[in-house]
Number of protein chains: 2
Amino acid sequence: MSDRRNKLEDLAQQVVQQNGLKGLSFRTLADEIGIKSSSVHYYFPEKSDLAQALIARYSETIFERLEAIAKNPNTLQKKVLAFIAIFEQVAKDEKLCMCGMMAAEVESLSTANRDALSDFFSGMERWLTSQLVEHAEELSSQLSPTKLAKILISGLEGALLVDRVAGTNQRLKAQKELFLSWLV
Amino acid sequence: MSDRRNKLEDLAQQVVQQNGLKGLSFRTLADEIGIKSSSVHYYFPEKSDLAQALIARYSETIFERLEAIAKNPNTLQKKVLAFIAIFEQVAKDEKLCMCGMMAAEVESLSTANRDALSDFFSGMERWLTSQLVEHAEELSSQLSPTKLAKILISGLEGALLVDRVAGTNQRLKAQKELFLSWLV
DNA sequence: GTCTATATACAGATAGAC
DNA sequence: GTCTATCTGTATATAGAC
(Lines give C-alpha, C1' and ligand atoms only; values in the text may rest on other atoms or scores of the structure.)
Protein backbone atom coordinates (compact mmCIF):
# COMPACT_ATOMS: atom_id res chain seq x y z
CA MET A 1 0.00 0.00 0.00
CA SER A 2 1.49 3.31 -1.11
CA ASP A 3 2.17 6.00 1.40
CA ARG A 4 0.04 8.47 -0.47
CA ARG A 5 -2.91 6.12 -0.60
CA ASN A 6 -2.53 5.66 3.12
CA LYS A 7 -2.48 9.37 3.84
CA LEU A 8 -5.58 9.85 1.73
CA GLU A 9 -7.38 7.15 3.66
CA ASP A 10 -6.24 8.52 7.01
CA LEU A 11 -7.55 11.95 6.22
CA ALA A 12 -10.71 10.71 4.56
CA GLN A 13 -11.58 8.56 7.56
CA GLN A 14 -11.20 11.49 9.91
CA VAL A 15 -13.44 13.68 7.78
CA VAL A 16 -16.06 10.96 7.50
CA GLN A 17 -16.09 10.43 11.25
CA GLN A 18 -16.73 14.12 11.74
CA ASN A 19 -18.80 15.23 8.75
CA GLY A 20 -19.98 12.06 7.09
CA LEU A 21 -19.24 10.68 3.65
CA LYS A 22 -21.38 13.41 2.10
CA GLY A 23 -19.25 15.93 3.92
CA LEU A 24 -16.13 14.61 2.23
CA SER A 25 -15.16 15.78 -1.26
CA PHE A 26 -12.37 14.64 -3.53
CA ARG A 27 -11.42 18.27 -3.97
CA THR A 28 -10.94 19.20 -0.32
CA LEU A 29 -9.31 15.85 0.30
CA ALA A 30 -6.84 16.54 -2.49
CA ASP A 31 -6.24 20.11 -1.31
CA GLU A 32 -5.30 19.00 2.19
CA ILE A 33 -2.86 16.43 0.85
CA GLY A 34 -1.46 18.87 -1.71
CA ILE A 35 -2.49 17.15 -4.92
CA LYS A 36 -5.32 17.54 -7.43
CA SER A 37 -8.69 15.83 -7.23
CA SER A 38 -8.03 13.95 -10.45
CA SER A 39 -5.09 12.31 -8.69
CA VAL A 40 -7.38 11.12 -5.94
CA HIS A 41 -9.49 9.49 -8.64
CA TYR A 42 -6.37 7.60 -9.66
CA TYR A 43 -6.45 5.76 -6.31
CA PHE A 44 -10.22 5.64 -5.93
CA PRO A 45 -12.03 5.82 -9.28
CA GLU A 46 -15.42 6.43 -7.68
CA LYS A 47 -16.44 7.66 -4.29
CA SER A 48 -17.93 4.27 -3.49
CA ASP A 49 -14.45 2.78 -3.99
CA LEU A 50 -13.07 5.14 -1.41
CA ALA A 51 -15.93 4.30 0.94
CA GLN A 52 -15.29 0.60 0.46
CA ALA A 53 -11.60 1.02 1.24
CA LEU A 54 -12.42 3.04 4.33
CA ILE A 55 -14.84 0.45 5.68
CA ALA A 56 -12.36 -2.38 5.03
CA ARG A 57 -9.58 -0.46 6.70
CA TYR A 58 -11.65 0.59 9.69
CA SER A 59 -12.93 -2.95 10.17
CA GLU A 60 -9.43 -4.34 10.00
CA THR A 61 -8.15 -1.90 12.60
CA ILE A 62 -11.00 -2.53 15.00
CA PHE A 63 -10.98 -6.30 14.68
CA GLU A 64 -7.25 -6.42 15.22
CA ARG A 65 -7.71 -4.57 18.46
CA LEU A 66 -10.56 -6.86 19.46
CA GLU A 67 -8.44 -9.90 18.73
CA ALA A 68 -5.70 -8.51 20.93
CA ILE A 69 -8.17 -7.91 23.74
CA ALA A 70 -9.58 -11.42 23.42
CA LYS A 71 -6.15 -13.05 23.32
CA ASN A 72 -4.92 -11.33 26.45
CA PRO A 73 -6.13 -13.44 29.43
CA ASN A 74 -8.29 -11.23 31.58
CA THR A 75 -11.62 -10.89 33.32
CA LEU A 76 -14.71 -10.18 31.28
CA GLN A 77 -14.95 -6.81 32.98
CA LYS A 78 -11.48 -5.75 31.87
CA LYS A 79 -11.98 -7.07 28.38
CA VAL A 80 -15.26 -5.29 27.78
CA LEU A 81 -14.02 -2.10 29.41
CA ALA A 82 -11.15 -2.19 26.91
CA PHE A 83 -13.76 -2.60 24.19
CA ILE A 84 -15.74 0.36 25.47
CA ALA A 85 -12.52 2.38 25.68
CA ILE A 86 -12.36 2.28 21.89
CA PHE A 87 -15.64 4.19 21.80
CA GLU A 88 -14.46 6.55 24.52
CA GLN A 89 -11.45 7.49 22.44
CA VAL A 90 -13.70 8.23 19.47
CA ALA A 91 -15.92 10.38 21.66
CA LYS A 92 -12.97 12.35 23.00
CA ASP A 93 -12.16 13.47 19.47
CA GLU A 94 -15.78 14.54 18.90
CA LYS A 95 -16.16 11.94 16.20
CA LEU A 96 -18.54 9.07 15.59
CA CYS A 97 -17.70 5.48 14.87
CA MET A 98 -16.96 5.64 11.15
CA CYS A 99 -19.40 2.84 10.41
CA GLY A 100 -22.03 4.40 12.63
CA MET A 101 -21.71 7.58 10.64
CA MET A 102 -21.99 5.78 7.34
CA ALA A 103 -24.97 3.85 8.70
CA ALA A 104 -26.83 7.14 8.86
CA GLU A 105 -26.02 7.65 5.17
CA VAL A 106 -26.84 4.12 4.07
CA GLU A 107 -29.48 5.25 1.56
CA SER A 108 -26.81 6.83 -0.61
CA LEU A 109 -24.28 3.99 -0.40
CA SER A 110 -23.55 1.24 -2.92
CA THR A 111 -24.75 -2.25 -2.10
CA ALA A 112 -21.15 -3.35 -1.57
CA ASN A 113 -20.74 -0.54 0.94
CA ARG A 114 -23.91 -1.60 2.73
CA ASP A 115 -22.86 -5.22 2.92
CA ALA A 116 -19.47 -4.27 4.31
CA LEU A 117 -21.13 -2.04 6.90
CA SER A 118 -23.51 -4.78 7.89
CA ASP A 119 -20.58 -7.18 8.28
CA PHE A 120 -18.82 -4.70 10.52
CA PHE A 121 -21.68 -4.56 12.99
CA SER A 122 -22.37 -8.28 12.96
CA GLY A 123 -18.65 -8.92 13.41
CA MET A 124 -18.52 -6.69 16.45
CA GLU A 125 -21.58 -8.38 17.88
CA ARG A 126 -20.09 -11.80 17.23
CA TRP A 127 -16.93 -10.81 19.02
CA LEU A 128 -18.73 -9.43 22.05
CA THR A 129 -21.10 -12.38 22.18
CA SER A 130 -18.22 -14.85 22.17
CA GLN A 131 -16.57 -12.98 25.03
CA LEU A 132 -19.76 -13.01 27.05
CA VAL A 133 -20.21 -16.73 26.40
CA GLU A 134 -16.60 -17.50 27.26
CA HIS A 135 -16.97 -15.70 30.58
CA ALA A 136 -20.54 -16.78 31.29
CA GLU A 137 -19.79 -17.38 34.96
CA GLU A 138 -18.98 -13.68 35.38
CA LEU A 139 -22.37 -12.68 34.00
CA SER A 140 -25.55 -12.35 36.02
CA SER A 141 -28.04 -11.05 33.47
CA GLN A 142 -31.22 -12.86 32.57
CA LEU A 143 -30.75 -11.82 28.93
CA SER A 144 -28.84 -13.98 26.46
CA PRO A 145 -25.27 -13.06 25.46
CA THR A 146 -26.41 -12.44 21.88
CA LYS A 147 -28.96 -9.93 23.04
CA LEU A 148 -26.61 -8.31 25.50
CA ALA A 149 -24.11 -7.82 22.68
CA LYS A 150 -26.71 -6.20 20.44
CA ILE A 151 -27.91 -4.01 23.28
CA LEU A 152 -24.48 -2.76 24.24
CA ILE A 153 -23.19 -2.14 20.74
CA SER A 154 -26.24 -0.28 19.50
CA GLY A 155 -26.25 1.51 22.84
CA LEU A 156 -22.67 2.65 22.36
CA GLU A 157 -23.34 3.78 18.79
CA GLY A 158 -26.34 5.78 19.93
CA ALA A 159 -24.44 7.22 22.87
CA LEU A 160 -21.74 8.58 20.57
CA LEU A 161 -24.43 10.11 18.39
CA VAL A 162 -26.39 11.85 21.14
CA ASP A 163 -23.46 12.76 23.36
CA ARG A 164 -21.77 14.64 20.54
CA VAL A 165 -24.82 16.87 20.12
CA ALA A 166 -25.02 17.52 23.84
CA GLY A 167 -21.29 18.03 24.17
CA THR A 168 -21.01 15.56 27.04
CA ASN A 169 -20.07 11.95 27.65
CA GLN A 170 -22.92 11.14 30.01
CA ARG A 171 -24.56 8.59 27.77
CA LEU A 172 -21.37 6.75 27.08
CA LYS A 173 -20.74 6.61 30.80
CA ALA A 174 -24.26 5.35 31.39
CA GLN A 175 -23.79 2.59 28.82
CA LYS A 176 -20.61 1.60 30.61
CA GLU A 177 -22.48 1.36 33.89
CA LEU A 178 -25.14 -0.69 32.17
CA PHE A 179 -22.51 -3.21 31.20
CA LEU A 180 -21.06 -3.26 34.71
CA SER A 181 -24.55 -3.98 36.08
CA TRP A 182 -24.55 -7.23 34.12
CA LEU A 183 -21.59 -8.61 36.03
CA VAL A 184 -21.86 -10.83 39.11
CA MET B 1 -49.72 27.78 9.21
CA SER B 2 -50.38 27.58 5.48
CA ASP B 3 -51.22 24.31 3.83
CA ARG B 4 -48.32 24.59 1.45
CA ARG B 5 -45.86 25.25 4.21
CA ASN B 6 -47.19 22.18 5.96
CA LYS B 7 -46.83 19.99 2.92
CA LEU B 8 -43.28 21.18 2.42
CA GLU B 9 -42.45 20.32 6.01
CA ASP B 10 -44.14 16.93 5.77
CA LEU B 11 -42.15 15.98 2.74
CA ALA B 12 -38.92 17.50 4.00
CA GLN B 13 -39.16 15.58 7.25
CA GLN B 14 -39.61 12.31 5.45
CA VAL B 15 -36.61 12.94 3.22
CA VAL B 16 -34.45 13.92 6.18
CA GLN B 17 -35.43 10.81 8.10
CA GLN B 18 -34.35 8.70 5.14
CA ASN B 19 -31.46 10.58 3.51
CA GLY B 20 -30.45 13.22 6.01
CA LEU B 21 -30.52 16.99 5.75
CA LYS B 22 -27.68 16.90 3.26
CA GLY B 23 -29.76 14.54 1.16
CA LEU B 24 -32.53 17.10 0.96
CA SER B 25 -32.43 19.85 -1.64
CA PHE B 26 -34.75 22.79 -2.17
CA ARG B 27 -34.94 21.80 -5.81
CA THR B 28 -36.15 18.23 -5.38
CA LEU B 29 -38.40 19.34 -2.56
CA ALA B 30 -39.97 21.92 -4.85
CA ASP B 31 -40.25 19.46 -7.72
CA GLU B 32 -42.18 16.95 -5.65
CA ILE B 33 -44.59 19.62 -4.47
CA GLY B 34 -44.92 21.07 -7.94
CA ILE B 35 -43.43 24.52 -7.39
CA LYS B 36 -40.04 26.16 -7.99
CA SER B 37 -37.16 26.15 -5.54
CA SER B 38 -37.32 29.93 -5.26
CA SER B 39 -40.81 29.52 -3.86
CA VAL B 40 -39.49 27.21 -1.18
CA HIS B 41 -37.09 29.99 -0.21
CA TYR B 42 -40.13 32.19 0.32
CA TYR B 43 -41.14 29.96 3.24
CA PHE B 44 -37.65 29.08 4.43
CA PRO B 45 -35.07 31.70 3.44
CA GLU B 46 -32.12 29.48 4.31
CA LYS B 47 -31.77 25.77 4.75
CA SER B 48 -31.08 26.26 8.43
CA ASP B 49 -34.51 27.89 8.73
CA LEU B 50 -36.09 24.80 7.27
CA ALA B 51 -34.05 22.60 9.61
CA GLN B 52 -35.13 24.69 12.58
CA ALA B 53 -38.79 24.41 11.60
CA LEU B 54 -38.43 20.66 11.17
CA ILE B 55 -36.86 20.17 14.58
CA ALA B 56 -39.51 22.34 16.25
CA ARG B 57 -42.28 20.47 14.50
CA TYR B 58 -40.85 17.03 15.19
CA SER B 59 -40.29 17.88 18.85
CA GLU B 60 -43.83 19.18 19.17
CA THR B 61 -45.29 16.03 17.67
CA ILE B 62 -43.25 13.70 19.83
CA PHE B 63 -43.78 15.59 23.07
CA GLU B 64 -47.51 15.74 22.48
CA ARG B 65 -47.55 11.98 22.17
CA LEU B 66 -45.43 11.59 25.28
CA GLU B 67 -47.76 13.86 27.22
CA ALA B 68 -50.70 11.74 26.13
CA ILE B 69 -48.93 8.59 27.25
CA ALA B 70 -48.05 10.13 30.61
CA LYS B 71 -51.57 11.43 31.20
CA ASN B 72 -53.25 8.12 30.56
CA PRO B 73 -53.13 6.15 33.84
CA ASN B 74 -51.23 2.96 33.22
CA THR B 75 -48.41 0.74 34.38
CA LEU B 76 -44.85 1.77 33.73
CA GLN B 77 -44.51 -1.19 31.42
CA LYS B 78 -47.39 -0.11 29.21
CA LYS B 79 -46.28 3.49 29.19
CA VAL B 80 -42.72 2.77 28.15
CA LEU B 81 -43.79 0.17 25.63
CA ALA B 82 -45.94 2.88 24.09
CA PHE B 83 -42.84 5.09 24.04
CA ILE B 84 -40.80 2.38 22.36
CA ALA B 85 -43.60 1.84 19.87
CA ILE B 86 -42.87 5.30 18.48
CA PHE B 87 -39.40 4.06 17.54
CA GLU B 88 -40.80 0.83 16.17
CA GLN B 89 -43.04 2.77 13.82
CA VAL B 90 -40.06 4.76 12.57
CA ALA B 91 -38.11 1.55 12.02
CA LYS B 92 -40.95 0.00 10.06
CA ASP B 93 -40.70 2.81 7.53
CA GLU B 94 -36.93 2.29 7.24
CA LYS B 95 -36.32 5.72 8.64
CA LEU B 96 -34.35 7.11 11.54
CA CYS B 97 -35.54 9.39 14.28
CA MET B 98 -35.32 12.76 12.55
CA CYS B 99 -33.25 14.22 15.34
CA GLY B 100 -31.02 11.16 15.44
CA MET B 101 -30.34 11.65 11.76
CA MET B 102 -29.58 15.34 12.20
CA ALA B 103 -27.36 14.46 15.15
CA ALA B 104 -25.08 12.63 12.72
CA GLU B 105 -24.89 15.84 10.68
CA VAL B 106 -24.40 18.18 13.61
CA GLU B 107 -21.09 19.53 12.30
CA SER B 108 -22.86 21.22 9.41
CA LEU B 109 -25.77 22.64 11.42
CA SER B 110 -26.30 26.17 12.74
CA THR B 111 -25.91 26.70 16.46
CA ALA B 112 -29.66 27.25 16.77
CA ASN B 113 -30.22 23.89 15.11
CA ARG B 114 -27.79 22.23 17.50
CA ASP B 115 -29.39 23.76 20.55
CA ALA B 116 -32.83 22.65 19.41
CA LEU B 117 -31.52 19.13 18.80
CA SER B 118 -29.91 19.02 22.20
CA ASP B 119 -33.18 20.16 23.78
CA PHE B 120 -35.03 17.38 21.98
CA PHE B 121 -32.86 14.67 23.47
CA SER B 122 -32.77 16.15 26.95
CA GLY B 123 -36.55 16.61 26.79
CA MET B 124 -37.06 12.96 25.94
CA GLU B 125 -34.74 11.92 28.72
CA ARG B 126 -36.55 14.16 31.17
CA TRP B 127 -39.87 12.66 30.21
CA LEU B 128 -38.65 9.08 30.55
CA THR B 129 -36.87 9.82 33.81
CA SER B 130 -40.02 11.32 35.30
CA GLN B 131 -42.01 8.24 34.32
CA LEU B 132 -39.43 5.96 35.89
CA VAL B 133 -39.44 8.02 39.07
CA GLU B 134 -43.23 8.14 39.22
CA HIS B 135 -43.40 4.35 38.94
CA ALA B 136 -40.32 3.62 41.03
CA GLU B 137 -42.02 0.71 42.77
CA GLU B 138 -42.30 -1.09 39.43
CA LEU B 139 -38.57 -0.82 38.84
CA SER B 140 -35.97 -3.26 40.08
CA SER B 141 -32.76 -1.91 38.55
CA GLN B 142 -29.78 -0.84 40.60
CA LEU B 143 -29.19 2.05 38.18
CA SER B 144 -30.75 5.46 38.73
CA PRO B 145 -33.80 6.53 36.66
CA THR B 146 -31.74 9.28 35.03
CA LYS B 147 -29.18 6.78 33.87
CA LEU B 148 -31.77 4.28 32.76
CA ALA B 149 -33.40 6.99 30.65
CA LYS B 150 -30.12 7.91 28.99
CA ILE B 151 -29.30 4.26 28.40
CA LEU B 152 -32.63 3.40 26.82
CA ILE B 153 -32.92 6.48 24.63
CA SER B 154 -29.40 6.33 23.25
CA GLY B 155 -29.91 2.59 22.89
CA LEU B 156 -33.05 3.10 20.83
CA GLU B 157 -31.36 5.72 18.64
CA GLY B 158 -28.45 3.38 18.01
CA ALA B 159 -30.75 0.44 17.37
CA LEU B 160 -32.57 2.36 14.63
CA LEU B 161 -29.22 3.24 13.10
CA VAL B 162 -27.74 -0.25 13.06
CA ASP B 163 -30.94 -2.16 12.37
CA ARG B 164 -31.58 -0.16 9.21
CA VAL B 165 -28.22 -1.20 7.81
CA ALA B 166 -28.81 -4.83 8.67
CA GLY B 167 -32.40 -4.74 7.44
CA THR B 168 -33.74 -6.23 10.66
CA ASN B 169 -35.35 -5.10 13.89
CA GLN B 170 -33.32 -7.33 16.19
CA ARG B 171 -31.59 -4.52 18.02
CA LEU B 172 -34.78 -2.62 18.63
CA LYS B 173 -36.32 -5.80 20.01
CA ALA B 174 -33.27 -6.35 22.20
CA GLN B 175 -33.55 -2.83 23.58
CA LYS B 176 -37.18 -3.50 24.37
CA GLU B 177 -36.22 -6.63 26.28
CA LEU B 178 -33.59 -4.65 28.10
CA PHE B 179 -36.26 -2.31 29.36
CA LEU B 180 -38.51 -5.21 30.37
CA SER B 181 -35.63 -6.67 32.37
CA TRP B 182 -35.66 -3.56 34.53
CA LEU B 183 -39.17 -4.21 35.77
CA VAL B 184 -40.00 -6.07 38.98
C1' DG C 1 -46.82 33.73 -3.43
C1' DT C 2 -44.95 32.13 -7.45
C1' DC C 3 -42.43 32.71 -11.28
C1' DT C 4 -38.07 33.30 -14.58
C1' DA C 5 -33.56 34.05 -14.65
C1' DT C 6 -29.28 34.07 -12.84
C1' DA C 7 -25.15 34.35 -9.71
C1' DT C 8 -21.95 31.58 -7.51
C1' DA C 9 -20.04 27.69 -5.78
C1' DC C 10 -19.03 23.02 -5.59
C1' DA C 11 -19.81 18.15 -6.56
C1' DG C 12 -18.12 13.66 -9.09
C1' DA C 13 -15.94 12.20 -12.94
C1' DT C 14 -13.06 11.82 -17.31
C1' DA C 15 -9.67 12.81 -21.33
C1' DG C 16 -5.37 13.27 -22.48
C1' DA C 17 -0.65 15.53 -21.95
C1' DC C 18 3.57 14.79 -19.47
C1' DG D 1 1.21 9.19 -10.84
C1' DT D 2 0.13 13.74 -11.39
C1' DC D 3 -1.21 17.35 -13.96
C1' DT D 4 -4.45 20.80 -16.74
C1' DA D 5 -8.63 21.33 -18.54
C1' DT D 6 -13.16 20.42 -18.89
C1' DC D 7 -17.85 18.23 -18.86
C1' DT D 8 -21.99 17.85 -16.51
C1' DG D 9 -24.84 18.09 -12.87
C1' DT D 10 -26.45 20.02 -8.74
C1' DA D 11 -26.46 22.96 -4.70
C1' DT D 12 -27.89 27.36 -2.05
C1' DA D 13 -29.40 31.67 -2.68
C1' DT D 14 -31.12 36.16 -4.65
C1' DA D 15 -33.26 39.85 -7.82
C1' DG D 16 -37.02 41.37 -9.75
C1' DA D 17 -41.29 40.69 -12.80
C1' DC D 18 -46.04 39.41 -12.31
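One table, with the values for the structure above:
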{"read-out": "Identity of the residue in the range A:13-42, away from every other protein chain (no Cβ under 14 Å) and more than 10 Å from DNA strand C (Cβ to nearest atom), that ends up surrounded by the fewest Cβ atoms within 10 Å (Cβ to Cβ)", "value": "A:Gly34"}
{"read-out": "Verdict on A:Lys176 being basic (Lys, Arg), within 13 Å of chain B (Cβ to nearest Cβ) and buried (at least 24 other Cβ atoms within 10 Å of the Cβ)", "value": "no"}
{"read-out": "Those residues of the range A:94-117 which are surrounded by fewer than 24 Cβ atoms within 10 Å (Cβ to Cβ) and under 11 Å from B:Val162 (Cβ atoms), in sequence order", "value": "A:Val106"}
{"read-out": "Test: residue in the range B:67-84 that is within 14 Å of chain A (Cβ to nearest Cβ) and either within 16 Å of DNA strand D (Cβ to nearest atom) or under 20 Å from the mean Cα position of the chain (by Cα) (or both)", "value": "yes"}
{"read-out": "Number of positions in the range A:132-149 that are of a type outside the set (Gly, Ala, Ser) and at the interface with another protein chain (Cβ under 9 Å from one of its Cβ atoms)", "value": "5"}
{"read-out": "Residue match in the range A:48-57 (condition: exposed (fewer than 15 other Cβ atoms within 10 Å of the Cβ), more than 20 Å from A:Leu172 (Cα to Cα) and modelled with pLDDT of 95 or more)", "value": "yes"}
{"read-out": "In the range A:135-150, the residues that are assigned to a loop (DSSP other than H, G, I, E, B) and closer than 19 Å to A:Pro73 by Cβ", "value": "A:His135"}
{"read-out": "Subset of the range A:150-171 that is surrounded by fewer than 23 Cβ atoms within 10 Å (Cβ to Cβ) and more than 7 Å from chain B (Cβ to nearest Cβ) - its residue that is nearest to A:Ser118 (Cα to Cα)", "value": "A:Asn169"}
{"read-out": "Yes/no for A:Asn72 being touching a helix residue (DSSP H, G or I) at 6+ places or on another chain (Cβ under 9 Å) and loosely packed, with under 14 Cβ neighbours inside 10 Å", "value": "yes"}
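Quick grid of which residues meet (1) touching a Phe, Trp or Tyr at 6+ places or on another chain (Cβ under 7 Å); (2) within 24 Å of B:Leu152 (Cβ to Cβ); (3) assigned to a helix (DSSP H, G or I):
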{"site": "B:Lys7", "(1), (2), (3)": "no, no, yes"}
{"site": "B:Asp10", "(1), (2), (3)": "no, no, yes"}
{"site": "B:Gln17", "(1), (2), (3)": "no, yes, yes"}
{"site": "B:Arg27", "(1), (2), (3)": "no, no, yes"}
{"site": "B:Asp31", "(1), (2), (3)": "no, no, yes"}
{"site": "B:Ala68", "(1), (2), (3)": "no, yes, yes"}
{"site": "B:Pro73", "(1), (2), (3)": "no, yes, no"}
{"site": "B:Ala82", "(1), (2), (3)": "no, yes, yes"}
{"site": "B:Ile86", "(1), (2), (3)": "no, yes, yes"}
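Each row is one residue, and each column tells you yes or no for (1) touching a residue at least 60 places away in the same chain (Cβ under 8 Å); (2) more than 7 Å from DNA strand D (Cβ to nearest atom).
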position: A:Asp10; (1), (2): no, yes
position: A:Val16; (1), (2): yes, yes
position: A:Leu24; (1), (2): no, yes
position: A:Asp31; (1), (2): no, yes
position: A:Lys36; (1), (2): no, no
position: A:His41; (1), (2): no, yes
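The values are calculated or read from the model by the stated rules, or taken from the named source; none is laboratory data. All of these numbers come straight from a predicted model, not from anything done at the bench. Ideal geometry is used to build each Cβ from the backbone, glycine not excepted, and the neighbour counts take in all protein chains shown.
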